[in-house]
Structures are given as C-alpha cells and as structure tokens.
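I have placed the structure first, in the form of structure tokens, so that the comments after it can refer back to it.
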Amino acid sequence: MGAAVQLTDVAAAEEQVRAEVAAAKPEFTAFLDGFRHREILVPLDDQGGIWSAELAGVRWILAFSDEKKLARLAKRGGDAGIGVRQPGTLVGESGKQQWDYRKVLGWRLLDSVIPAAGRPCGVALDAGSDGGTVLPPVEGIVPAKATAEAYAANNGRPSRR
C-alpha cells in the first residue's frame, strides 16, 4: 500500500490486496477498519454519476481521502480508454470552480453503494497518489453477494444471497 497506484496498475494492486485479505494481515485489517469508519470523498463525473474507471472487468469507484489527492487526479481529466469521464465541477460559494464530490462514510460505500452497482465494483482510493490502494470486490471487503466471484458464479448477474 505504499507506492503510488496509477489507474493502469490496478490489476497488480488488486492481486496484492486479495492476498492480504486472504491472509488476514493485521496491517490491512487495521487499514480496512479505519477506511470503513471515516469520511471519503467520492467525486461525481460530468454527467452526475460516480466518477469511476473500468479495468479488468471491474468498475472502480475513484475515492479520495482529501481534496488535494482528488485534485491531483481530477486535473488530468477523463480517459476514454478506461471508461473514465471528465470529473464534475461546480461553482462554489466564492465563485470559483471546484470539484463536485460527496462525502461518504467508507462502510456505506462498501456495504451499500457497491452492492447496488449490479456488477463487480471496487474502490480505487487515492489513485495517482503516494499511498494509494485498491479495495477489490472480494469477500472480507464487500458483502459476499457483491464479490467478483459471486457475479461470475451467477453468469454476471447480481447474486440474491
């Protein structure tokens, strides 16, 4: 979880996190617990949807721990090659343009938003920043019915369990 995670590096980062979840590593368990209990910034795209990327058959919600990290990636704009639209903006109270985002508790993102997506979906936290990481759709991170394995076992459809 130390090096900068670029969007195109998600597959390698996902494998590392899967191994950490399977091994129930204390560092990862503590990180996940902290994530679940804090507010995360979830940007909207230019069409009002959650800002996300499509990589390796998984939809990755782009989420950030602070505005500086959000701005670092948002300034780069969208990337049609990986299904990333332009980040949404709005005019703030000061009259300046700013990034459009919502503050969401980590547990709500993992336990409510991801299962509602209707497809394998994970979180790319602080992508493009040092310390960025991914939370893939695996049991132990998301509910069992929202794991990539559950979708695969049900021919790509959401599981009812």
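Below is a table of values for the structure above.
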| item | result |
| --- | --- |
| Residues whose placed amide H lies under 5 Å from that of residue 59, excluding near-sequence neighbours | 121, 122 |
| Karplus (6.51, -1.76, 1.60) ³J(HN,Hα), θ = phi - 60°, over the range 38-49, in Hz, Gly and Pro reported as x | 10, 6, 10, 8, 10, x, 9, 8, 5, 10, x, x |
| Backbone HN-Hα couplings from phi across the range 114-127 [Karplus 6.51/-1.76/1.60, Hz, Gly and Pro as x] | 4, x, 6, 5, x, 6, x, 8, x, 10, 9, 8, 6, 4 |
| Farthest positive-ward along the range 12-161 dipole, Cα basis, beta-carbon charges - from 116, 62, 29 | 116 |
| For the range 34-96 versus the range 121-161, the gap between their alpha-carbon centres in whole angstrom | 18 Å |
| Residue 73 accessible area, 1.4 Å probe, all protein chains in place, Å² to nearest 10 | 10 Å² |
| Carbon plus sulfur fraction of accessible area for the range 104-145, probe 1.4 Å, in percent | 51 percent |
| Pairwise FRET efficiency - residue 27 versus residue 105, Cβ, R0 = 22 Å, nearest 0.05 | 0.50 |
| Protein-only accessible surface order, largest first, of 65, 94, 52 at 1.4 Å | 94, 65, 52 |
| Cβ-derived FRET efficiency at R0 22 Å, residue 47 paired with residue 152, nearest 0.05 | 0.15 |
| Paramagnetic label zone (point 7 Å from Cα along Cα-to-C-beta, residue 39; backbone N under 18 Å) in the range 112-126 | 126 |
| Global geometry of the range 117-156, whether rounded, prolate or oblate, following the gyration tensor of its Cα atoms and the 1.5 cut on a/c | prolate |
| Nearest-10 value in Å² for the accessible area of residue 100, using the 1.4 Å probe | 30 Å² |
| Selected from 156, 51, 134, residue furthest toward positive end of dipole (the range 48-161; charges at beta carbon) | 156 |
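The values are calculated or read from the model by the stated rules, or taken from the named source; none is laboratory data. These figures come from a predicted structure and were not determined experimentally. Using ideal geometry, Cβ is built from the backbone for each residue, glycine included, and neighbour counts are taken over all protein chains shown. Just so you know, the surface numbers come from the protein's heavy atoms only, side chains and all, with ligands and any DNA or RNA stripped out. Shrake-Rupley method; radii C 1.70, N 1.55, O 1.52, S 1.80 Å.
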